[in-house]
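Here the structure is laid out as structure tokens; the discussion comes afterwards.
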Amino acid sequence: LKMSWFRLYLPLHVLMAACLCHSIKAPTTNSQQSFNTGLFNFYHSLILADGKETTVHLLKDIPKRYYFVLEEGRFFSPFTITVTPCDVPIEWSILVHKASASFLGKATGGDHDTQEVSKSQKAQGMVSTIFNYKGNSVETYMGMSSHSALYMLEFLSTERDTHITVYLTTDTTSGHLYPELPMDPRIDVIGIGHTTVTLTWKHSPSVLQHRESIQYCLLVNEKHNYKSLCAAETAIRSAGMKLPPTLALSLSPYILEPQQVMILSNSELSIINRVSSGEVRQTCMGTKNTYTVPSLSPDTQYYFDVFVVNLLTNASAAYTGTFARTLEEPEPKVMELKDGKVIQVVLDGKKQKFYSLQYQARHKKIQFTFQLCRGQVRVHITKNGKTVASENISGLKYFSLKGKVLDTYLVQLRSTEDFNSSVKVQVSPHFHKPLFPLLPESLKIKSFSKLRTCNSVTIAWLGTQEESKYCVYKRRIEEDQVWRELQSADRCSGPESRHRSEKVLCKYFYDLNLQRAVTTETIQGLDTGTLYLFDVYLFGPSGIPVRYHSKVVKTRKKC
């Protein structure tokens, strides 16, 4: 085998791989000059594995190249290449060097810009481009060569750094890595309600053949459709949350992030990610091809994507996504407030609408109590049509008002954030037993840096002149979770929402002298160099807790 021209252009490790694994005919002296103009593109290319999905990381504006060689020995050598962009649109092409123009090939895929090169074009040089593509769809190229040939795949991202997956196979007789889609891969919307959308789709042939190892997974979001599961997972991760390696792991043990909610019902697992742009919901439902998505917001547009997933390989194929808008909910009636009764109101941040509560006084003096649970809320109170209070609230807020018996009060609440906020509301006569405990001047938790050790920290908080119960909880967190945890904490949730293992202790204390109403606690048994989030809950006579502001403390690395 003559390889003199080959050594001039390929590095040693590529040369050895090509020599050991494949047979390539050397060009004649007359054709060497035309070949020289194209073969330099193969320099420093990487070998593309056959029969294995390869993840390729691309830097912006820097092309990356892989090559593979088709052996001589069979009259026709078929091969298939599938490229899945995981984020932004990319450009990719297939180049070939071979001694003849005897080549057959075709591309299959969605909407894209492709180019097939004619035989006359391929005959002009030893290196020719046989396929071009630009876009973010999953694209499959099917080719067949009658002679030994050296192929190169070139990938380029012009928008930003990204990653893709590439699958090459020369064995077209074995089973498919990717599940098959039906002839009609569309998702049909067969029902729309105020808070539900019902979907159906045609079965994948893979489900009918391998029911035990194939399942459907649904992704619901308020932004846009995704053309691959890889692209969906990348988008969700970019919002600052962790995911299972694939939705196919839905029934495997999985530790949720603080902004995630897991719902398991009728063997269906849903994971709801709460992000600033709305919710991203993932649901895997086995092999059922009809599903009703529950608990949606009224008058909201949602995008639905169905993926058929191979549980053995984690490979997936995407149906053609669809979208639907839930029905608009009729304007809610003004809710009546009753003496002493607590209600919790969830306010839609996107619509910025006022939520109205009405109260008819039975006493001259009354008190409104607001406990902010999440977000920021604007409160506007009128008495007989005249404004008596209007301000943004944070934490716990009281409004003590005077008037006449049968005065009508209207409370209007609105979220000032672009995401949902929630607040608890109570109204009662001024002399009524208070619902919430007596609060200290500050709800901050203090930590003492000098008292930190490798396995303990010391915290302190203020108390009151009223004997009350205080409970301390701790939880390990990661560095990238701190800001998100502090921002998204539900300040109305009590210890019942915490795992039993997170409880540290409960204690009672008070001091009639407010200057001395301070308590400290040293928490032992912690891990070295680890971040912990500490919470203190204050319980009053009514048993309703008030949560202090969370405190994050890190133990020392060295002692």
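Values as computed for the structure displayed
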| item | result |
| --- | --- |
| Flag for Arg491 being touching a residue at least 40 places away in the same chain (Cβ under 8 Å) and either among the acidic types (Asp, Glu) or over 30 Å from Lys351 (Cβ atoms) (or both) | no |
| Those residues of the stretch 202-227 which are open to solvent by 40 Å² or more (accessible area, probe 1.4 Å) and assigned to a loop (DSSP other than H, G, I, E, B), in sequence order | Lys202, His203, His210, Glu222, Lys223, His224, Asn225, Lys227 |
| Subset of the stretch 395-420 (residues that are among the hydrophobic types (A, V, I, L, M, F, W, C) and surrounded by 13 or more Cβ atoms within 10 Å (Cβ to Cβ)) | Leu396, Phe399, Leu401, Leu410, Val411, Leu413, Phe419 |
| Qualifying residue in the stretch 500-507 (condition: aliphatic (A, V, I, L, M), modelled with pLDDT under 85 and either outside any strand (DSSP E or B) or closer than 26 Å to Thr530 by Cβ (or both)) | no |
| Extreme residue, surrounded by the most Cβ atoms within 10 Å (Cβ to Cβ), among residues of the stretch 476-488 that are modelled with pLDDT under 85 and not aromatic (Phe, Trp, Tyr) | Gln481 |
| Every pair of residues 6+ apart whose Cβ atoms lie under 7 Å, when the first sits in the stretch 203-231 and is more than 17 Å from Asn310 (Cβ to Cβ) while the second is in a loop (DSSP other than H, G, I, E, B) and among the charged types (D, E, K, R) | Ala231/Asp87 |
| Residue that is in contact with a His (Cβ under 7 Å, 6 or more places away or on another chain) and hydrophobic (A, V, I, L, M, F, W, C), where the choices are Ile381, Ile366 | Ile366 |
| One residue from Ser542, Ser501, Ser497 being open to solvent by less than 60 Å² (accessible area, probe 1.4 Å) and either out of contact with any strand residue (DSSP E or B) (no Cβ under 9 Å at 6 or more places or on another chain) or among the polar types (S, T, N, Q) (or both) | Ser542 |
| Some residue of the stretch 411-419 being outside any strand (DSSP E or B), touching a residue at least 24 places away in the same chain (Cβ under 8 Å) and β-branched (Val, Ile, Thr) | yes |
| Unique match (being of a type in the set (Val, Ile, Thr), in contact with a Gly (Cβ under 9 Å, 6 or more places away or on another chain), more than 16 Å from Gly193 (Cα to Cα) and modelled with pLDDT under 90) among Val342, Val275 | Val275 |
| Of all residues in the stretch 180-196 being under 26 Å from the mean Cα position of the chain (by Cα) and charged (D, E, K, R), the one that is modelled with the lowest pLDDT | Glu180 |
| Candidate set: the stretch 520-539, residues that are open to solvent by less than 60 Å² (accessible area, probe 1.4 Å) and outside any strand (DSSP E or B); chosen: the one farthest from Cys492 (Cα to Cα) | Gly529 |
| Total residues in the stretch 345-380, condition open to solvent by 60 Å² or more (accessible area, probe 1.4 Å) and either touching a Cys at 6+ places or on another chain (Cβ under 7 Å) or of a type in the set (Val, Ile, Thr) (or both) | 1 |
| Enumeration of residues in the stretch 431-475 that are aliphatic (A, V, I, L, M) and open to solvent by less than 70 Å² (accessible area, probe 1.4 Å) | Leu435, Leu439, Leu443, Ile445, Val457, Ile459, Ala460, Leu462, Val472 |
| Only one of Leu177, Leu156, Leu199 that is surrounded by fewer than 19 Cβ atoms within 10 Å (Cβ to Cβ), modelled with pLDDT of 90 or more and under 27 Å from the mean Cα position of the chain (by Cα) | Leu156 |
| Single residue of Thr165, Thr114 found to be among the hydroxyl-bearing types (Ser, Thr, Tyr), part of a strand (DSSP E or B), open to solvent by less than 70 Å² (accessible area, probe 1.4 Å) and at pLDDT 85 or above | Thr165 |
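The values are calculated or read from the model by the stated rules, or taken from the named source; none is laboratory data. Since this is a predicted model, take the numbers as computed values, not measurements. No Cβ is skipped: glycine too gets one built from the backbone with ideal geometry, and neighbour counts run over all protein chains shown. Heads up: the accessible areas ignore ligands, DNA and RNA and are worked out on the full protein's heavy atoms, side chains in. Shrake-Rupley method; radii C 1.70, N 1.55, O 1.52, S 1.80 Å.
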